[in-house]
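For reference, the structure is listed below as structure tokens.
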Amino acid sequence: MDDARPYSYKKDMVERVHSVVVGSGFGGIAAALRMRAKGHQVTLIERLEDVGGRARVFERGGFRHDAGPTVITAPFLFDELFDLFGETRSEHLKFVPLDPWYRFHFHDGSEFDYRPSLADTHAEIARFSPEDTKNYDRLVNTSKQIFDVGFTQLADKPFTRFTSMIKLIPQLLRLRSYLTVAQLVNSHIKHPLLRQAFSIHPLLVGGNPFDTTSIYALIHYLERKWGVYFCMGGTGKLVAELKALMIRQGVDLKLNTDIIEICVSDKKVTGVRTADGAFISADNVICNADPPTVYRQMLPSQTHLRKKVLPEAVTRYSMGLFVLFFGTQQRYPDIAHHTIWMGKRYKDLLHDIFSKKILAEDFSLYLHRPTATDARFAPEGCDSFYVLCPVPNLQGDVDWAKQGPLLQDRIVTALEKSIMPDLRNVITEDFYMTPEDFKADYRSEHGAGFSISPSFTQSAWFRYHNRDPHLANLYFSGAGAHPGAGMPGVLCSAKVVETLVSEDERKAAHVQPTR
């Protein structure tokens, strides 16, 4: 075969390039499949007992809990992974549209259902503020304009050169990307509670709405364009089918394997070394692990070389997460699939979490009740719940051994007094994770839930690049790299890596000596 010929997937193809993927979150799985579709030999390495990374599954006493992401907003990105091999996602996985997308429960007892139909959403808005129905339409229109640049032009495109960023600056200024998400939403929406509901999205990717660039307001239109879905069987089923796809296509999976070093020689990565001392050679290494952890723990010899514009001393990290899992020995049919439970404080609470890094007595919560859509997550007559509480990351001084049980008790009390009566008497099989667990299980820097935060100066070219600026065959596909966290973000990150690897292969083929 001609050395200059681009790779394409063929089962009988001679596998000449070995790509090693470190970490099997969605960004790692997607990268592994995309490299395999190029004809690479692919080894996917995961330190936990199964693939999925944070998208793991807990089974306790007949209750099932998805531990990781639960909101699917761009299903075509999963379709693409099956399409690569001539398969159809719908033959393996059923995505069910949700209605409402989210139910907001406010501190005053009022509730707002954010729904897929514009007419239904208008009706919900009108119960709070009739004038905000038209204001919401203007917000969605603004979001579409941001989407057309921020998603269409940025999400799956490499930003390894500053010139790529320079070209977009006029558009970003026109779209007022220097505003925060909260400022942009507040310029359209007038009712204080609706302002909270429509500015909450950055928290889904680890950002404070009051300092996250308004580029992330594109999520409004992204949801309107493709909807909000749940995968029947949960995120665990999604991971299991992607794992089966990898096995069918010959991806080599190495589980319970921790990487302690990425080996370098002559400014190139040569492979990885495992905790038990084994060396795995590689032509490319793609890291789905947290970039700060990779550079500090796996590439200590490279720490003196700058990897992004802002130095580590001023890098801002996403918040930590306290995640409470439990079952109930009764059903709560009035609880939606996704519920956002808002405390009385909003901006000040977020300031405590992100800036002061203190654990306040109050909180806001995200509740996931998969049994609202899929009863198989719990025994008959029961419900399964996952409650996510934003908290300070480990840069704050919180003794989680002491505070964990206290926070759980406050959360159960608050839910019992509001939307889940008698919870204390029916809760069962409860356990929780803290930022300490995120650090220990996922090697997340500072136990952050979503790597570095999505501020303007940590987005696109300013974020960790998808290809290391000094090691040409080291790539990043995950929440800490461009375009950022969230399922659409990490799946697009793998597409960026695919583009970069293809570019590098074309360049290498071009300089090959003629035979």
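The values are calculated or read from the model by the stated rules, or taken from the named source; none is laboratory data. None of these values were measured; they are calculated from a predicted model. Every residue, glycine as well, gets a Cβ built from its backbone with ideal geometry; the counts of neighbours run over all protein chains shown. For accessibility, only protein heavy atoms count, side chains too; no ligands or nucleic acids. Shrake-Rupley method; radii C 1.70, N 1.55, O 1.52, S 1.80 Å.
Round to the nearest 0.05 the FRET efficiency obtained for GLN330 and GLN145 when R0 = 41 Å and r is the Cβ-Cβ distance. Write down the numbers at each step before the final one.
Values: r = 47 Å, r/R0 = 1.14.
So, using R0 = 41 Å, E works out to roughly 0.30.
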Computed about the Cα centre, the charge dipole of region 315-467 from +1 Lys/Arg and -1 Asp/Glu charges at the Cβ has a magnitude in debye, to the nearest 20, of 660
Could you list the trypsin sites (Lys or Arg not before Pro) in region 190-226 that lie in coil according to DSSP, counting only those with at most 13 other Cβ atoms within 10 Å of their Cβ?
LYS190
Roughly how many Å² of ASP348 are accessible to a 1.4 Å probe, to the nearest 10?
90
Under a 1.4 Å probe, counting only protein heavy atoms, TRP461 has an accessible area in Å², nearest 10, of 50
First check a/c for region 234-350, with a ≥ b ≥ c the square roots of the eigenvalues of its C-alpha gyration tensor; if it is under 1.5, answer rounded, and if not, answer prolate when a/b is larger than b/c or oblate otherwise.
oblate
Region 153-239 shape via C-alpha gyration tensor axes, a/c threshold 1.5:
oblate
As a test of the formula, what do you get for the chain when each DSSP H run with n ≥ 4 contributes -39,500 (n - 2.57) and the sum is divided by the residue count, at 222 nm and rounded to the nearest 500 deg cm²/dmol?
-9500 deg cm²/dmol
Test of understanding: extend the Cα→C-beta vector of GLN403 to 7 Å, then name every residue of region 203-217 with backbone N under 16 Å from that spot.
none
Dipole magnitude (debye, nearest 20) for the chain, charges at Cβ of Lys, Arg, Asp, Glu
1540
Too long for a 19 Å Cα-Cα cut-off, among LYS267/LYS307; LYS38/LYS507; LYS167/LYS507, are LYS167/LYS507
What do you reckon, how do LYS134, LYS357 stack up by accessible area (1.4 Å probe), largest on top?
LYS134, LYS357
How large, in percent, is the carbon and sulfur part of the accessible surface of the chain at a probe radius of 1.4 Å?
52
Could you work out how much longer the chain between ALA244 and LYS356 gets when fully extended? Use 0.36 nm per residue separation minus the Cα distance between them, nm to one decimal.
35.9 nm
If the chain between THR274 and ALA126 were fully stretched, how many nm would it gain, using 0.36 nm times the residue separation less the Cα-Cα distance?
47.5 nm
Out of ALA460, TYR475, ILE419 - ranked by how far each Cα lies towards the positive end of the dipole of region 389-508, with unit charges on the beta-carbon of charged residues - the top one is ALA460
Count the DSSP beta bridges whose two residues both fall in the chain, then state the antiparallel fraction as a percent rounded to the nearest 5.
70
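What does the C-alpha gyration tensor say about the overall shape of the chain? Classify as rounded when a/c is under 1.5, otherwise prolate if a/b is larger than b/c, or oblate.
Working: a/c = 1.63, a/b = 1.44, b/c = 1.13.
Cα axes put the chain in the prolate bin.
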Roughly how many Å² of ARG60 are accessible to a 1.4 Å probe, to the nearest 10?
100
Pop the C-beta distance of LYS225 and SER301 into the FRET formula with R0 = 45 Å and round what comes out to the nearest 0.05.
0.50
Quick query: amide H of GLY320 versus all other amide H atoms, modeled in the peptide plane; which residues come in under 5 Å with a sequence gap of 5 or more or a different chain?
VAL391, ASN393, GLY449
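Taking only protein heavy atoms into account and a 1.4 Å probe, give the accessible area per residue of the chain in Å². Walk me through the intermediate numbers first.
Values: 20400 Å² over 515 residues.
With the other protein chains kept in place, the chain gives 40 Å² per residue.
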In nm, give the distance between the simple-model label positions of LEU255 and ASP83, each being 7 Å from the Cα along the Cα-to-Cβ direction.
3.0
Would you mind checking the tilt of helix 162-174 against the longest principal axis of the Cα atoms of the chain, expressed as 0 to 90 degrees and rounded to 10?
30
Filtered hits (lysines, Cα-Cα < 21 Å from LYS190, offset >= 8 within chain) -> LYS134, LYS144, LYS344, LYS347
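For region 53-93, which chymotrypsin sites (Phe, Trp or Tyr not before Pro) pass both filters: DSSP loop (anything but H, G, I, E, B) and at most 15 other C-beta atoms within 10 Å?
Values: sites: PHE58, PHE63, PHE76, PHE78, PHE82, PHE85; in loops: PHE85.
Within region 53-93, the qualifying chymotrypsin sites (Phe, Trp or Tyr not before Pro) (loop, at most 15 other Cβ atoms within 10 Å) are PHE85.
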Magnitude of the Cβ-charge dipole of region 135-217, K/R +1 and D/E -1, about the Cα centre, nearest 20 debye?
200
How would SER90, SER364, SER318 rank on accessible area, largest to smallest, probe 1.4 Å?
SER90, SER364, SER318
Pull up the cross-link candidates among the lysines for LYS94, meaning alpha carbon to alpha carbon under 21 Å and not fewer than 8 places away within one chain.
LYS225, LYS237, LYS243
